[in-house]
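To start, the structure itself, in structure tokens.
Derivation of every value follows stated rules applied to the coordinates shown; laboratory data play no part. Because the structure is predicted, anything quoted here is derived from the model rather than measured. Methodologically, a virtual Cβ is constructed for each residue, glycine included, from the backbone with ideal geometry; neighbour enumeration extends over all protein chains shown.
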Amino acid sequence: MNELQKLESFEYELAIAQTVEEVKLLHSAAEAMAKFAKANQAATEAQNKIGRFIVKAAAKLGEVLDKNYPKGGNRGNQYVSGKVEQDDFGKMPVSKDESSNSRLINNEEELREEVMEEIEDRGEVITVNKVQKEIRKKLKNEIIIEPTFDENIKTDCQCPNCGYEW
């Protein structure tokens, strides 16, 4: 399979990529390979190998964005003058959604691997969109903290009418 050999060379190129443009070029090439594999009804295993590379490219994009375009950045306030000029952080080379998804996938490495395994176990094809959605679901579920109740908590006050204690 010639596409999988190309994928191995893309892995090397991705490892040495330093700019958003380099990463996006590899990402686009891998997306094209994924569409070709899907159109030719390639095995799910082969499609997942390509999908894993695309997710890895998205993570690398997040890494490059974090390094070169920190969150918040300088959005160019028109009312502030006399500031020392910085790099133009206001003009990101990717959309807000792509930046958010790439940074999430990059920063949640353990969840990324766990989610990709779950997708493979279900027999589905790995995509960036599926991975980021499931990571967001898992993070949302972690934040929810169930309150605990204890009937033996000592209270200071009691309502004289109903007996409610607080």
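Computed quantities for the displayed model
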item: Cα pair distances exceeding 14 angstrom across segment 6-69, given as percent; result: 53
item: Lys154 versus Asn107: modelled label distance in nm, points set 7 Å from Cα along the beta carbon direction; result: 4.2
item: Listed peptides 38-45, 124-131, 15-22 by packing density, highest first (mean Cβ within 10 Å); result: 124-131, 15-22, 38-45
item: Across Lys35/Lys130; Lys38/Lys130; Lys6/Lys60; Lys6/Lys56; Lys24/Lys56; Lys91/Lys138, pairs whose alpha-carbon gap is larger than 22 Å; result: Lys91/Lys138
item: Simple label model, 7 Å out from Cα along Cβ direction - Gln18 to Arg136, nm; result: 3.4
item: Environment charge at Glu134 (Cβ cut-off 10 Å; Lys +1, Arg +1, Asp -1, Glu -1); result: +4
